[in-house]
Every structure is written in structure tokens, then in C-alpha cells.
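Everything below concerns the one structure shown next.
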Amino acid sequence: MALSASDLTAIYSLLTNSMSGDESVRKPAEAALSQFESRPGFCSCLMEVITAKDLAPQVDVRLMASVYFKNSINRYWRTRRDSVGISNEEKLHLRQKLLSHLREENYQIAVILAVLISKIARVDYPKEWYSLAPYFSIDIFIDWQCHKLQLSHSSLPKPELFSFLAQQLQSTDILASHRIFLIIFRTLKELSTKRLTADQRHFAEISSHFFDYSWHLWQNDIQTILHGFCTLAQSHKSNALEQYQDELYLTCERWLLCLKIIRQLVISGFPSDAKCVQEVQPVKQVCPVFLNAIKSLLPYYSSFQKEHPKFWDFVKRACIKLTKVLVAIHIRHPYSFGDKCVLGPVMDFCLITITDPEPVIVSHEQFLIQCMVMVKRILECKEYKPSITGRVMEDTRITVEQTKRAISNNVGDILASLLPPERIIHLCNVLIRRYFVLRASDLEEWYQNPESFHHEQDMVQWTEKLRPCAEALYIVLFENNSQLLGPIVVSILQEAMNGCPTSATEVTPGLLLKDAAYGAAAYVYYELSNYLSFKDWFNGALSFELSNDHPNLRFIHRKVAMILGQWVSEVKDDTKRQVYCALIRLLQNKDLSVRLAACRALCSHIEDANFSEQDFSDLLPTTWDSCFKLVEEVEEFDSKVQVLNLISVLIGRVSELIPFANKLVQFFQKVAVNIIEGYIVLGGSDFLSVHASALAKLLDLIVGNVNDKGLLATLPVIDILVQCFPIEVPPLINSTLQKLVVICLSGGDDRDPSKAAVKASSAAILARILVMNTNYLAQVASDPSLSVLLQQAGVPIEENILLCLVDVWLDKVDNVSSTQRKIFGLALSIILALRVPQVLDKLDQILSVCTSVILGVNDDLTEEESSGDNISSSSFHGEGTIPSKEFRRRQIKFSDPINQLSLENSVRDNLQTCASLHGESFNSAIGRMHPALFAQVKQALKMP
């Protein structure tokens, strides 16, 4: 039964009680609200609570209503097999009501409402964004609930969402305009993540129409802000200025939102010029202005810190955001960014900021990080590297490659003028002597939690911390200028060692510089070995460093471990055993950070092709015990994985492990997925023939009994099993596959990103089985034991399970990689051949996904796949340079049968089968299809 306006009082009371500290009051209210969630009219009642003017002061109740509203929209807006959902009439009412309530004063509620509009737009835009009138009154709401008002979609106008919002901006105050910008930003961000061809085309249309409007507003606001800041800097605090400051701050926040909108339009609204080599004009339009804005705002960073802290915080955020936007634009449109009016000024400014910053900038670490990121991205940009391709003689046509080469040559000239040798040397010196050096705060952090410090320094994302970022920039700088910088780094190293003998124990500037110099030498071992003998260095200094056990030497010991791990290729036979002994000694150090660094270094030596088992064999017992002690002592997941990796490598490289088997078995009954994957990849059918039963039991034990993080680690193993053995494996892991079906058909993923990732990966595995072993998945879907399992999990199933999986594949197609999208497309095309009439109800959705995947296959590579990891047959000639497990993994990826299948042929053939199975019903379904979709189908399938 639908809820109506008469239920508003009850809903309000339940919302109030749901916040009670008295559990006897709160629990029944929460239970009642949970029951109301799936009833028609619930969202409309919540919307009335949120927008009621007399409830404006009661923020807590309205906020709770908005949270329930968001949850209900996530669960019921998209039509699903397991719920009635929200009717089209109520959706129409809610869309209109949301757009009539743009001036929400509470920021938290405003954010939730903006998110709601974006989620609705993801599903409904641009087809279903209707409007009746500027407002939908409560009287109309009551009439609608009483079914007195019948709404016909065909009779309603279709205003464009963004045009409507832009129109509202022209006649609103600062608060309302800020909220509108919030809605626009959230909606653009949501729409930009849609990957299907039609959705990307819609976004490009939005960008072409909305960019100029947004850019004009942004420019007006920055002038207002700078004028306001000038006024504030010249005046003292007074009551008369308070209202002015409030309005100015809202303008600042609105400007920041507009900046994010412009970023979204430039990044997602235009094809990457790295692919199409077409100039993106807005890049040259906005980037110089963004740089000028940074320069104009920075002076206020120091002057506002004490007098105007909230504006100081804004300046801090604004400068970081502007620089991040410049970085993002460069990554997306490197050729347009390479213009001399953009690249030159930006690069010069960032270099000056890094090497000779104003005193106030030194404390602005995040801004410094972004400047380093910008310089690093430019120096390593592959589009700016000289092309080695030639051209056909007497061919006068200008090819894409020639255009790219001309641009890269121009960029090379700009960079050469910006980075003469003396500036490169200065930058190298600054990075090592200033940014590599540990500070007092670093040492305190290390003393408090050495394990966390290890991961923050060595495994953290390099863009998040100043020192790792400086190290990453230094590595790229050295790679590009190794002959120039090699002698410079060696001279810094010699200076540091001469200034601080190995017997020193006090934490002095000299000791800290030696630590920094050791790090600099470790990171570029492959080039520095031409200027420095490792054997002399090890015997003359590094081994003596390890003989000093003073606690203050812990960071030097950690750097020595890092050096030994990086310089593996330079450790010759006459020093191997000494190095092994040194690392095992470090593996027994009292400091966890040192031990973890030694663990990684030792792993590199054992993995090395020239590993000497003879020199290591008598050291194995100590190493083995040290590993198991360490894995028990560390607490963080990443630490345990690091130690387990060393144990795994030992198993693979050392032959005499039988005496240690019991300890190994006991331990690995507990995080073993990584080792299983290694055996599958390397052992293949031989491994499966011996261990199939045990493997099936282990997977069945894991799936359903571990958390989402554990599942995400396990699912790739199942996927690679199915990929390698599509016929043999599915029957062996039948129980596990049934659990994956339950995962796919269960809810909860709409509010939990981890569950959403698990569901998407599970759905991809099932789709792969349908494609590669169609009959078997059909058997699984019809197995009575699966129905029992679904009932036990509380998952209601009222239709064919394969059709239920179709809903999941359609829902998750935007959340998977391009290969998985193709698998989804192939699975959906096979579904077309099912002998069930309900297939026709999903025909337009299936064809929309399949044809979008076909049309977007060339432009839809994931970052991983476009980063140079693609493998061709010619790559296999370099087998000797790739570790055997990784080489085999790449072989498997390259030989994936999915790569050989044609989605276009599959859709065409199964569409014909569908037509023959359903006859006139099929023709009717095609007739109901939207003309734009039908045109897309014809284009993708090359139909006349």
C-alpha cells in the first residue's frame, strides 16, 4: 500500500525516534523505517520532510530524512528484479521536487541532495528528465497519491537538465548559486564515469554547450575574490565586515566548485589529444589563467594565516586544486598542453617553486608535492619523447606520426631552454640535500611506529608524501640526464661519507645527509654503477655501517638494506655470501622497519637469475625462522604479504625444504592465495591433475568465509583457473560457483564499494563461463541446490536465474575493465538465444550495452592496458628478461580466448536466433526501440 501525505506525521516521528539515545525507542523506529523503505511514496514523504519550511531549524531530522532518501534511491530507483522499485509517476514527482528545492541552507543536506540528483541523472539523463512546472505542490502530491492525477510521459516537455540549472543561476543569490554549482559538479562527475559510447557522446555534447558558460562565471568569480582579498588584507576585523566575509567565502567555495566543473568538462568532454592528435582549444584558454590565479593567490597564504584562518585555508586548498587540475589536463591532453604559452610558464613556475621557494611555501607541503608531480609528469611524458618511426620516401602526406614528432620536437626545444645543465644540477642537489633529508618529525614518527613508517616511505603512493615524491622526481631527472648527474651524485655520496664516519652515532646534519645520499645512490643503481664500484663501497663502508648496532643508526641500516636490494646485479660471486649474511643479520634487527626493508632486499637476491644456492644453503634455517618470527610480529596486512612473498620465493628457488615442511604446512593453512596462483600459472595442467580436489576444497572454504578484501584477492585466481581450463574447472568448483551466483544476486553493493567490486568481479567470472562453457552455466543455474542456497541467503528469485544475472551484467558494465566489458557483451549476446520470452523485455538494454562495447572497443582501454603492458607475439622473444611467473602470466593474458572472439559476429548471429525463436514478438520489441539506439545497432553490426 502506498504512503501518502497523511503518513507524514508518522514518518516524522519515526525519524525523530531513530536518533534517540534510548535503544528501546530507537530500534523499533529503525525497524519501522526499514519496512517503509520499499513502499511506494516513502521517498516522496521523506522529500516533504526535507523541504518543509517549518522544519528548517530541525536540521537533525531533515538530515536523517535525507540519508534515508539517499539509501532508498540507491536501492530502488533503478528497476530491479528483486523489488517493485519506484514508479515512473513518483520518479517524475521526485525529480521535479528536487529541482524546486535548490536553496538548501544546510551544507550537509545540500551535498546529499546533490549526490541524489547525480545518481538519478546517471540512470535517467537524458531520456527521462521531465518537468511539469517549476514547483510540485503538496496538493498535487496528495492528488497523485490518491491516483486522481494521471501523468502521461508522451505529453510532457523535456527540458535539458543543465540548461535548466544554468537558467536558475541567472536569478539567484550566492547561496543558491553555490548549491546549483554543487549539483552540476556532482552530476558531471557521475556522468563522466559512464563508459558506454552513447553516454560519452552525451557528455561531449554537455561540454561543448556548457564550457563557455562555466568559464565566464569562473573568471568573474576570481576577480571578485582577488578584489575581496585585497580589501581584507588592508582592513582589520570589524562587525561591519562579517556579512561581507560570509558572502565572500561563499563566492570562494562557489568558484572552487566551478573550477572542478571546468576540469571535468575539459578532461572528460574532449577525446584525449594523445590519441586523436587534435588540439583541444580550451587547454590553451584555461591553463595560463589557472597559473596566474595561483600566482595571485599565493601571497595571501602567509598574510591570512593569523587574521583570516578560513580564507587562509581556502587559499591553501585553491592553490593545490589549481595545480592538480593542471596536472590532470596535461595527462589527458599532453599535445595541447605542450604549446609554448602553456608548458613553458607552468614548468618554469614549478621549477622555481621547488628549488627556490618563498619561505611561506616551504611549509605548504601539498602544494610543493603538486609542483613536483607536474615536473615529473612532463619529464617522463612519453608523448614528448622523440619518435623513432620513419616515413615512406617521396610520400608528401603529413601523417599522424609526423604531427606527433613535430610536437615532441617543439616540446623538446622548450624543455631544453628551461633546463640547461646548470639548472638540472641545481635541481638534483636541492632534491637530495633538502627533500631527501629526514626531519625531526620523521624520526619521531619512526620511533612511534616503525612498521607504519616503513610503508609510508616505501609503499605509499608517491604523490601523497613530500619525500617519496621528491625521490620519484629525482629518479626521472636522473634517467633523462644520467651522464650529467652520475658524477654529481657520486660526489655528494663521497662528501657525505667523508663528513660522517661509520663510527658516528649522534643524529647530526652530517649523519642525515649520509642517509639522504645513500638513498640517492640506491634509487639509480643501474646508471651509477658506471661511476662507483659496489665491491669497494660494500667492503669499505657499507659492511662497517652494519657493525655499529647503536639505535640511532637504524635509518642508516635501513638504507643499507635498500642499497643491497637495489644493487643486486652488481653483487658478484666473490661478495654474494657476504651480502646474504648482511641481509640475514638485518632481518634479525630489533627495528621492524629495518627488518621489512631487509626482507624485501633478500627477496630480490633470491629471485635474481644469478642467485647462488650453494652460498645460501647453510643460511636457510636462520632465514626460515626469521621469516616466521617476523610474520607473527608485524600487524599490517601489507607487512605480512611482504614476508609471505619472501617465503614464497624461497620455496621456488631453494631445493632442500623438506626439513621445514611441517612448519610451512601449519602456517600456510592460514592470507595462501598468492602461492596457489603461482602454481596455477607455472604448473598448469600438471598441477591441476594432481591437486584439483584439494584446490576445489580450499576455494570452497575461502569463498563465503572471508571478508571482501579476501574475496578480491581470491577471485582473480578463480578467473585465471576458468580462463586456462574452461571445460575442466567449472565442474570441479561447482560449489564455489554457486556461491558466486549468490554474491551476484544479493544486495548491499549499492552502499559498499568493496561489495560492489566483489559483485562485479564475480559477475565477470560467471559471464566468462557462460561464454566459454555455456551448457555448464545453464546447468548451474537450474540446479535445485542453488535455489536452496539462494533461499538460505534470503535472496528471492521469481524468474530464470540466468535472466537475473543479466540484470547484474547490465548494472555492472560501467564498473569493470574493457576486457570484462567484452566478456559481459558476449554473455549478453548469448542470452539473446534463450528460449524464454522475458528476454525481449531486456532486448533494448542488451543491445545498448553490446553495441556500445563494439563501437567503443578502441577508445575504451583501461589505464592498465594503455600503460605499455599489452603483449604481442613479438614480445615473447624477450622471455629471458622477464621472470618466469610474470612471463607465463602475460602469455595467458595474451592467449585469452576472449581476445579471439568477435562480439560483433556473436551479437549478429544471436540476434538472428532471437528473431527466429520469438517471431512477431521480436519484431514488436524492435519496433519499440528508441530510434537512436536502433541506429547505433545498425552502425555496430554494419547493417544497411
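The values are calculated or read from the model by the stated rules, or taken from the named source; none is laboratory data. If you're wondering where the values come from, they're calculated on a predicted model, not measured in any experiment. Note that we place each Cβ from the backbone using ideal geometry, even for glycine, and neighbour counts take in every protein chain shown. Quick note on the areas: whole protein, heavy atoms, side chains included, nothing else; ligands and nucleic acids left out. Shrake-Rupley method; radii C 1.70, N 1.55, O 1.52, S 1.80 Å.
Taking region 1-43 only, how many residues are open to solvent by 60 Å² or more (accessible area, probe 1.4 Å), within 22 Å of His93 (Cα to Cα) and among the aliphatic types (A, V, I, L, M)?
Residues flagged as open to solvent by 60 Å² or more (accessible area, probe 1.4 Å), within 22 Å of His93 (Cα to Cα) and among the aliphatic types (A, V, I, L, M) within region 1-43 amount to 1.
I'd like to know if region 353-360 contains one or more residues that are assigned to a helix (DSSP H, G or I), modelled with pLDDT of 95 or more and under 16 Å from Trp462 (Cβ atoms).
Yes: one or more hits.
What is the residue count in region 91-116 for residues that are hydroxyl-bearing (Ser, Thr, Tyr) and either modelled with pLDDT under 90 or under 31 Å from the mean Cα position of the chain (by Cα) (or both)? Write out each step before concluding.
If we filter region 91-116 for residues that are hydroxyl-bearing (Ser, Thr, Tyr), which is where we start, we get 100, 107.
Next, from what is left, pick out any that are either modelled with pLDDT under 90 or under 31 Å from the mean Cα position of the chain (by Cα) (or both): 107.
The number of residues fulfilling the criteria is 1.
Given the conditions (1) out of contact with any Ser or Thr (no Cβ under 7 Å at 6 or more places or on another chain); (2) modelled with pLDDT of 80 or more; (3) open to solvent by 40 Å² or more (accessible area, probe 1.4 Å); (4) not β-branched (Val, Ile, Thr), report the number of the one that Leu711 does not fulfil.
If we test Leu711 against (1) out of contact with any Ser or Thr (no Cβ under 7 Å at 6 or more places or on another chain); (2) modelled with pLDDT of 80 or more; (3) open to solvent by 40 Å² or more (accessible area, probe 1.4 Å); (4) not β-branched (Val, Ile, Thr), just (3) comes out false.
State all residues of region 200-226 that are under 30 Å from Gln820 (Cβ atoms) and open to solvent by less than 30 Å² (accessible area, probe 1.4 Å); if no residue qualifies, say none. Spell out the reasoning first.
Filtering region 200-226 down to residues under 30 Å from Gln820 (Cβ atoms) leaves 200-207.
Passing the criteria: Phe203, Ile206, Ser207.
Are there any pairs with C-beta distances below 7 angstrom linking a residue in region 543-554 that is farther than 12 Å from Glu506 by Cα to a residue that is open to solvent by 40 Å² or more (accessible area, probe 1.4 Å) and basic (Lys, Arg), with the two at least 6 apart or on different chains, and if so which?
Pairs found: Leu546/Arg585.
Counting just the residues of region 490-536 that are modelled with pLDDT under 95 and of a type in the set (D, E, K, R), which one comes out nearest to the chain's Cα centre (by Cα)?
By that ranking, first place goes to Glu527.
Within region 342-360, which residues are under 12 Å from Ile378 (Cα atoms) and open to solvent by 30 Å² or more (accessible area, probe 1.4 Å)?
Answer for region 342-360, where residues must be under 12 Å from Ile378 (Cα atoms) and open to solvent by 30 Å² or more (accessible area, probe 1.4 Å): just Asp348.
Just checking, how many residues over region 548-561 are over 21 Å from Gln448 (Cα atoms) and surrounded by fewer than 23 Cβ atoms within 10 Å (Cβ to Cβ)?
Final tally of qualifying residues: 1.
Condition check: surrounded by fewer than 16 Cβ atoms within 10 Å (Cβ to Cβ) and at pLDDT below 90. Does Asn409 satisfy that?
Working: surrounded by fewer than 16 Cβ atoms within 10 Å (Cβ to Cβ): yes; at pLDDT below 90: yes.
For Asn409, the condition - surrounded by fewer than 16 Cβ atoms within 10 Å (Cβ to Cβ) and at pLDDT below 90 - is met.
State which residue is modelled with the lowest pLDDT when the search covers only region 662-701 and only residues that are in contact with a Phe, Trp or Tyr (Cβ under 7 Å, 6 or more places away or on another chain) and open to solvent by 60 Å² or more (accessible area, probe 1.4 Å).
The selected residue is Lys663.
All but one of (1) out of contact with any Ser or Thr (no Cβ under 8 Å at 6 or more places or on another chain); (2) open to solvent by 40 Å² or more (accessible area, probe 1.4 Å); (3) of a type in the set (Asp, Glu) hold for Glu527; which doesn't?
Going through (1) out of contact with any Ser or Thr (no Cβ under 8 Å at 6 or more places or on another chain); (2) open to solvent by 40 Å² or more (accessible area, probe 1.4 Å); (3) of a type in the set (Asp, Glu) one by one, Glu527 breaks only (1).
Identify, from the list Ile50, Ile73, Ile86, Ile109, the residue that is closer than 28 Å to Val742 by Cβ, in contact with a Lys or Arg (Cβ under 7 Å, 6 or more places away or on another chain) and among the β-branched types (Val, Ile, Thr). Walk me through it before giving the result.
Details: Ile50 fails: closer than 28 Å to Val742 by Cβ; Ile86 fails: in contact with a Lys or Arg (Cβ under 7 Å, 6 or more places away or on another chain); Ile109 fails: closer than 28 Å to Val742 by Cβ.
On inspection, the qualifying residue turns out to be Ile73.
Lys127 passes all but one of (1) farther than 24 Å from Arg179 by Cβ; (2) part of a helix (DSSP H, G or I); (3) modelled with pLDDT of 50 or more; which number fails?
All conditions are met except number (2).
Tell me the helices (runs of 4 or more DSSP H) entirely within region 460-537 that contain at least 2 residues that are over 29 Å from Leu415 (Cβ atoms). Reasoning before the result, please.
Working: elements: 466-480, 482-499, 509-523, 525-528, 534-537.
Once the helices (runs of 4 or more DSSP H) in region 460-537 are filtered for at least 2 residues that are over 29 Å from Leu415 (Cβ atoms), what remains is 482-499, 509-523, 534-537.
Could you name every one of the helices (runs of 4 or more DSSP H) located completely within region 751-867 that has at least 3 residues being at pLDDT 90 or above and open to solvent by less than 10 Å² (accessible area, probe 1.4 Å)?
Working: elements: 753-772, 774-782, 784-792, 801-812, 818-831, 843-855.
Those helices (runs of 4 or more DSSP H) span 753-772, 801-812, 818-831, 843-855.
Identify the residue in region 56-90 that is over 22 Å from Glu798 (Cα atoms), among the aliphatic types (A, V, I, L, M) and modelled with pLDDT of 85 or more and, among all such residues, is surrounded by the most Cβ atoms within 10 Å (Cβ to Cβ).
In this case the residue turns out to be Ala65.
Cβ-Cβ under 8 Å, sequence separation 6+ or interchain: first residue in region 725-739 and more than 13 Å from Lys697 (Cα to Cα) and in a loop (DSSP other than H, G, I, E, B), partner open to solvent by 40 Å² or more (accessible area, probe 1.4 Å) and at pLDDT below 90. Which pairs?
Phe725/Ser685; Pro726/Pro897
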